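Some notes on the structure that comes next.
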């Protein structure tokens, strides 16, 4: 029963959170280089930004979703996290959606650990900071 509840909580987060969340998987070539970057899971908000459902965004990369320059920057940031194992926190960036709308985001990226030592991907959480309250 506990595992079932854990899955329900996991899916509730992906469906209901207002932040854009994505987990991307990378593979090592054994020489410190990584390939991949395919989305393994994402929040509903992340998928909706690209006019997709959660199940439709799985398997895509940033290059499938974003303008090349933005996708390249995202990849470079991901690879930095993969190589160093150190999170990037609250990085401000501009993201362009397919409809041409640009949004300022605060993005944090953390390594996804398979074991204590092996990093297999990156967890990215972004928040739209254009809508933050003014003082």
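The values are calculated or read from the model by the stated rules, or taken from the named source; none is laboratory data. The model shown is predicted, which means the values in this text are computed figures rather than measured ones. FYI the Cβ positions are ideal-geometry reconstructions off the backbone, even for glycines, and counts take in every protein chain you see.
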Notebook entry, point to check: Which number in (1) touching a residue at least 24 places away in the same chain (Cβ under 8 Å); (2) surrounded by fewer than 16 Cβ atoms within 10 Å (Cβ to Cβ); (3) over 26 Å from residue 11 (Cα atoms); (4) in contact with a helix residue (DSSP H, G or I) (Cβ under 9 Å, 6 or more places away or on another chain) marks the one condition that residue 98 misses?
Noted result: (3)
Next item on the list: Check the range 91-102 and report whether any residue there is on the phi > 0 side of the Ramachandran plot and touching a strand residue (DSSP E or B) at 6+ places or on another chain (Cβ under 9 Å).
Entry: no
Next item on the list: Answer with yes or no whether residue 76 is at pLDDT 95 or above, in a helix (DSSP H, G or I) and more than 24 Å from residue 99 (Cβ to Cβ).
Entry: yes
Check: Given the residues 105, 109, which is the only one that is in a strand (DSSP E or B), touching a helix residue (DSSP H, G or I) at 6+ places or on another chain (Cβ under 6 Å) and either under 23 Å from residue 26 (Cα atoms) or in contact (Cβ under 8 Å) with a residue 60 or more places away in the chain (or both)?
Finding: 109
Note to self: For the list (1) within 15 Å of residue 28 (Cβ to Cβ); (2) surrounded by 15 or more Cβ atoms within 10 Å (Cβ to Cβ); (3) without any contact (Cβ under 8 Å) to a residue 24 or more places away in the chain, I need the number of the one condition that residue 71 fails.
What the structure shows: (1)
Note to self: Out of everything in the range 29-52 that is assigned to a strand (DSSP E or B) and in contact (Cβ under 8 Å) with a residue 12 or more places away in the chain, what residue ends up being surrounded by the most Cβ atoms within 10 Å (Cβ to Cβ)?
What the structure shows: 42
Check: Residues 34, 68: which one is under 25 Å from residue 84 (Cα atoms) and in contact with a helix residue (DSSP H, G or I) (Cβ under 9 Å, 6 or more places away or on another chain)?
Finding: 34
